[in-house]
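Q: Right, I'll just put the structure down here and ask away after.
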Amino acid sequence: MTLHFLHRHVLEDHLAGFETRPNPNHVNVARRPVILSVLAHSGHEAAVAERLAELAGGSVRFCGPGEWLVAGPALLGEELADRLGEIPGASVCDQSDGKVLMAIGGPSARKILAKCVAADLHGDVFAEGQSANMLCCHVASNLARTGADLFEIIVPRSFAGSVFEELMEMGREYALTASFSED
Amino acid sequence: MASLITCPHCGTRPKEEFTIRGDAAPRRPGSADRDEAWYAYVYIRDNPKGRILEYWHHAGGCRRWLVVDRDNLTHEVFGVVDAADFQRTEAAE
């Protein structure tokens, strides 16, 4: 007997039946993102942060002192891990299968997120390129601002269904749609 | 009466993101200290009204232990520091 292991996204069932044509307010669920967690060894925090700032290919998310998440496209997977592995004083761990990345964008993105997170997301406080860990729909997640009206949420895989459902519920009045993105 | 805590790492956050451990004032006795000192450290707590130092864990954010200086009557927060920095300044005294 041969077994076929198929990659199945955890949100596959949640997204089935949704209209695929995106509205202005849209959630893009990355189908196979590469997410790595980076921890700096004691005393190396500043040096690692410096190296991460000049990292090419992945976007670096701040989690806490000496702790980051690096998200990148699936294509870069191993290369990104290698590049991060070269940083002295840092430990790298692949979290791609344990995390789900959702990008929410659109003119009402901030209004929708205002019902999900309790942090101030105004541009003066949470500027483009900034990221932090926060509770999103009661789940500890990492939120990053990747554009003026574009946010990326990284949640643990097992909570992704619940966060996704609540996010869509909050976005219903703004006609929020969702689909998988191919990268 | 929203309890907003300004985490030194994450910014201003609601109390829902935190877990409160308790008084930050007791100092851990040395391992050779008398049983009475250990008993006091483990079990005896004041129940003050007003300004107190407390350990708060930012479970929903940076997952760091913080020391919050606040008034438990008015809910006014006077200062928040990382517990590691708090211990460092305490040790320096």
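Every read-out reported here was derived from the displayed coordinates using simple, explicitly stated rules and does not represent laboratory data. Worth saying up front: this structure is predicted, and the values here are computed from it rather than measured. For neighbour counting, all protein chains shown are included, and Cβ atoms are generated from backbone atoms with ideal geometry for every residue, glycine included.
Q: Name the residue, out of B:ALA32, B:ALA91, B:ALA24, B:ALA59, that is over 27 Å from A:CYS137 (Cα atoms) and either in contact with a helix residue (DSSP H, G or I) (Cβ under 9 Å, 6 or more places away or on another chain) or surrounded by 12 or more Cβ atoms within 10 Å (Cβ to Cβ) (or both).
A: Details: B:ALA32 fails: either in contact with a helix residue (DSSP H, G or I) (Cβ under 9 Å, 6 or more places away or on another chain) or surrounded by 12 or more Cβ atoms within 10 Å (Cβ to Cβ) (or both); B:ALA91 fails: either in contact with a helix residue (DSSP H, G or I) (Cβ under 9 Å, 6 or more places away or on another chain) or surrounded by 12 or more Cβ atoms within 10 Å (Cβ to Cβ) (or both); B:ALA59 fails: over 27 Å from A:CYS137 (Cα atoms).
B:ALA24 is the lone residue from the list that is over 27 Å from A:CYS137 (Cα atoms) and either in contact with a helix residue (DSSP H, G or I) (Cβ under 9 Å, 6 or more places away or on another chain) or surrounded by 12 or more Cβ atoms within 10 Å (Cβ to Cβ) (or both).
Q: Looking at (1) over 18 Å from B:ARG63 (Cβ atoms); (2) touching a residue at least 40 places away in the same chain (Cβ under 8 Å); (3) out of contact with any His (no Cβ under 7 Å at 6 or more places or on another chain); (4) away from chain B (no Cβ under 14 Å), which one does A:VAL48 not meet, given that it meets all the others?
A: All conditions are met except number (1).
Q: Moving on to the next point. Can you tell me which of A:GLY161, A:GLY147, A:GLY129, A:GLY171 is more than 14 Å from every other protein chain (Cβ to nearest Cβ) and buried (at least 16 other Cβ atoms within 10 Å of the Cβ)?
A: Numbers: A:GLY161 fails: buried (at least 16 other Cβ atoms within 10 Å of the Cβ); A:GLY147 fails: buried (at least 16 other Cβ atoms within 10 Å of the Cβ); A:GLY129 fails: buried (at least 16 other Cβ atoms within 10 Å of the Cβ).
So the residue among A:GLY161, A:GLY147, A:GLY129, A:GLY171 that is more than 14 Å from every other protein chain (Cβ to nearest Cβ) and buried (at least 16 other Cβ atoms within 10 Å of the Cβ) is A:GLY171.
Q: Given the criteria in a helix (DSSP H, G or I) and in contact (Cβ under 8 Å) with a residue 24 or more places away in the chain, does A:ALA160 qualify? So that I can check it myself, show each step before the final result.
A: Details: in a helix (DSSP H, G or I): yes; in contact (Cβ under 8 Å) with a residue 24 or more places away in the chain: yes.
So A:ALA160 passes the test.
Q: For B:ALA84, are the conditions met, namely being more than 23 Å from A:ASP120 (Cα to Cα), out of contact with any Leu (no Cβ under 6 Å at 6 or more places or on another chain) and either touching a residue at least 40 places away in the same chain (Cβ under 8 Å) or within 14 Å of chain A (Cβ to nearest Cβ) (or both)?
A: yes
Q: Sticking with this structure for a sec: How many residues are within 14 Å of another protein chain (Cβ to nearest Cβ) and buried (at least 16 other Cβ atoms within 10 Å of the Cβ) if we restrict to region A:64-95? Let's see the steps before the verdict.
A: Step one: of region A:64-95, the residues within 14 Å of another protein chain (Cβ to nearest Cβ) are A:64-69.
Those left that are additionally buried (at least 16 other Cβ atoms within 10 Å of the Cβ): A:64, A:66-69.
Within region A:64-95, residues that are within 14 Å of another protein chain (Cβ to nearest Cβ) and buried (at least 16 other Cβ atoms within 10 Å of the Cβ) number 5.
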